[in-house]
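The numbers here are math on the coordinates, done by the rules we state, and not lab data. Everything numeric in this text was worked out from a predicted model, so none of it was measured. FYI the Cβ positions are ideal-geometry reconstructions off the backbone, even for glycines, and counts take in every protein chain you see.
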Amino acid sequence: MARVIGLRGSQAPVANVEAGTPVLIDSGLLQGVRGTLLGSVSGGGLIVMVRLLRETTAVEFPACCLRIDDGVTDIPQPVTH
């Protein structure tokens with residue numbers, strides 16, 4: 001199972017994670033999107049490079065919203081009708 005990088009309500013990452021680490025967004029509007037960690041910002045935020053609509057962009061996330069991507073974890077699929 002993928003490891004959580006930060007705890008909810010925590011300002012500092014729990015795990016010492018380096019730039020280039022593959023991550024999985026675990027909550028929020030981009031839940032299930034995979035990305036690559038670029039670095040951190042003051043206040044405990046992490047910058048992640050993600051691909052959206054055929055474009056690559058950098059997005060800041062709180063550490064509690066990310067997991068280290070082990071490549072095996074199933075990504076939740078949206079509900080379709």
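Measuring from a point 7 Å past the Cα of Glu18 along Cα-to-C-beta, which residues in segment 33-68 have an amide N at less than 20 Å? Under cut-off, by backbone N: 35-41, 46-49, 67-68.
Potential lengthening of the chain between Ser27 and Thr73 amounts to 15.1 nm, from the contour at 0.36 nm per residue minus the alpha-carbon distance. The residues Arg51, Arg34, Arg67, when put in order of fewest to most other Cβ atoms within 10 Å, stand as Arg51, Arg34, Arg67.
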